[in-house]
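Readers should treat all values here as calculations from the given coordinates under stated rules, not as data from a laboratory. Keep in mind the model is a prediction, meaning the values are calculated, not measured. Here the Cβ positions follow ideal geometry from the backbone for every residue, glycine too, while neighbour counts run over all protein chains shown.
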Amino acid sequence: MNISLIDWGIILAFFVISMLIGVFTSRKAGKSAKEFFLSGRNMPWWLLGVSMVATTFSADTPNLVTDIVRKDGVSGNWVWWAFLLTGMLTVFVYAKLWRRSEVTTDLEFYELRYGGKPAAFLRAFRALYLGVFFNVVIMATVSLAAIKIGGVMLGLSPVETLLIASVVTVIYSSLGGLKGVLLTDFFQFFIAMAGAIGAAIYVLDMPEIGSLDNLLTHPNVADKLDFFPDFNNWNLVVPLLIMPLAIQWWATWYPGAEPGGGGYIAQRMLSAKDEKNAIGATLFFNIAHYGMRPWPWIIIALSSLIIFPNVSDMQEAFPHIPVDKLGNDLAYSAMLTFLPTGLIGVVLASLIAAVMSTLSTHLNWGSSYVVNDFYLRFLKPEATDKELVMVGRISTVLLMVLAAFLALALSNALEAFNILLQIGAGTGLIFILRWFWWRINAYTEIYAMVISFVVAIFFETINPKIGLIPIPEDMAYLKLLYGVGITTVGWILATLLTKPEKDEVLLSFYRKVRPASFGWKKVLDRFPDEKQEQGQLPMEIGLMLIGSIMVYAVLFAVGFWIYGNTLSAIIATVVAILGGVIIIKSWKNMR
């Protein structure tokens, strides 16, 4: 690409501002571990919400969407659109519960909800399992996207790209802590959105495409536009729609879309000023993430089918890209190489922002596990705040190094997405029920974690070689179904065959978090003086459903307006507005 001095100036200015934010917030972040990881629990909903959106706007997300659209059309996006149901459940049911818990990380929750050595083991193991192993895999997929962007748009080698992307991110993340990450996310979000929208508008005006109408009627694109898969083809309907909506959203665990909230989403809720700010932040995130943001990516993905109909066309256009990095996901970066001077600088800055915002969040979140849930809890309980901040900064650097090495071995973001879904298959329901069913104990989670991992390894590595359970190529979703079924049966049996938590542990948790009492009745009946919180669970679940319909209506309304389907667009817009009115009116009654 021919990148001008203007473009380089835009990129340099972006780097400088990001660094300055880290330096500006470093002094306050270094005061204590809670300040470094939770910004003093005093953050407003709008800053937290934008940060969540910026974090999930990772550079691999447009690549993932492009991969999906090129293979399965717009309807293929239900594999991640279905997670909106999880998100809305978090908004109206779990956000306030997390904020009430007042834990520093969601892993500290384990020793609030469970007791004894099993709870301690669970906290320690998951601090390393999630904070290091899972976290490094996620960051590696983001780094892989950076490698593809750097290779296609800048002609950089994978190592050069990783050095540039990681060094700046590590510096401001390790200096500024969560507040530095939040403020940088806020700045980076607007850069990222401006770049995505600007790129989509320019691509539509390219001579090969000509206009939006030409794009939508092109033979390479016309059969990719439907919001739902063809119901005459159940080989598509089952994996693309039924599995995600019926099973995947509640049964699987995936970072950023955990049933009941968790990970960096929980971190944002825990750093909110109060319960209402925690709810407001997650509501804003779900509306922006699912309802509005996907369309610039989808437009560019559809346009790529005209410019690069096949992967071989990209290989011919970019012969320097390593063969193992070639795939449909490369098409997003390939399309951006056509952008003009000025806009290419903004777009490159937006993609760098997408990489950095996600990496910085995962670095801070992962190091919070290492510091709070492993080092402080098990290695050095007497550690000073200054020492904890230092360990947090060191672990930030080490996590980035591990992610960079793994990124060099990966080839496809969708591949990693599917593997992570498989590993978490069957565990999601536990994270939903553990707040409301007293009988779930530490062994429930331990057995579920072990079983789901073993089942995932079997189906991903062993079964393809020995063929013990035949799975046709067009029915790969059966792996997820088997994983969910086996793991769910396993953890339910483990729950019923092991001892429940002690009454004092259960009562302590109940008093602290105040969940609806219907699932705690058997415990509370043994203590007649204990107040039984009725809660508002039926109303909250109702609002979750209304909120989901509202956001899907926003998503479809934007799509229908783009497609020029005026009547459907008006109907979807009205549905979205009605949903918003109901939620706003119900807001005052939430407690």
If you project the alpha carbons of the range 540-591 onto their three principal axes, what span does each projection cover, largest first, in Å? 42, 15, 11
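What is the extension gain from Lys502 to Lys522, computed as 0.36 nm multiplied by their sequence separation minus the C-alpha to C-alpha distance, in nm to one decimal? Working shown, then result.
Numbers: separation 20, 0.36 × 20 = 7.20 nm, distance 1.29 nm.
The span from Lys502 to Lys522 would gain 5.9 nm if fully extended.
Where in the range 479-562 are there trypsin sites (Lys or Arg not before Pro) that are in a DSSP coil and have at most 15 other Cβ atoms within 10 angstrom of their Cβ? Show your work: numbers first, answer last.
Values: sites: Lys479, Lys502, Arg511, Lys512, Lys521, Lys522, Arg526, Lys531; in loops: Lys502, Arg526, Lys531.
Passing both the DSSP loop test and the Cβ count: Lys502, Arg526, Lys531.
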For Phe405 and Arg511, what is the calculated FRET efficiency with R₀ set at 60 Å and r taken between the beta-carbons, to the nearest 0.05? 0.85
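How large is the helix-only mean residue ellipticity at 222 nm for the chain, computed as the sum of -39500 (n - 2.57) over DSSP H runs with n ≥ 4, divided by its residue count, in deg cm²/dmol to the nearest 500?
Numbers: 29 runs with 382 residues, N = 591.
Helix contribution divided over all residues of the chain: -20500 deg cm²/dmol.
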Using 0.36 nm per residue of separation minus the Cα-Cα distance, give me the extension gain between Ile17 and Met590 in nm, one decimal. 202.3 nm
Please give the charge dipole size of the chain, origin at the Cα centre, charges +1 on K and R Cβ atoms and -1 on D and E Cβ atoms. Round to the nearest 20 debye. 2300
What span do the alpha-carbon atoms of the chain cover on each of the three principal axes, reported in whole Å from largest to smallest? 76, 57, 57
Cα gyration tensor, the range 158-265 - rounded (a/c under 1.5), prolate or oblate: oblate
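Based on the Cβ-Cβ distance of Leu163 and Thr217, what FRET efficiency does E = 1/(1 + (r/R0)^6) give at R0 = 56 Å, to the nearest 0.05? Intermediate results must be reported in sequence, preceding the final value.
Numbers: r = 44 Å, r/R0 = 0.79.
FRET efficiency, Leu163 to Thr217: 0.80.
Please give the contour-minus-distance gain from Val454 to Ile201: 0.36 nm per residue of separation, less the Cα-Cα distance, rounded to one decimal in nm.
Details: separation 253, 0.36 × 253 = 91.08 nm, distance 4.64 nm.
My answer for the length gained is 86.4 nm.
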Longest exposed-site-free window of the chain, the sites being GluC sites (Glu not before Pro) in a DSSP loop that have at most 14 other C-beta atoms within 10 Å: 383-591
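I need the shape label for the range 217-370. Rule: rounded when a/c is under 1.5, else prolate if a/b > b/c, else oblate, with a, b, c from the alpha carbon gyration tensor. Can you show the working numbers first?
Working: a/c = 2.03, a/b = 1.34, b/c = 1.52.
Since a/c reaches 1.5 but b/c is at least a/b, the shape of the range 217-370 is classed as oblate.
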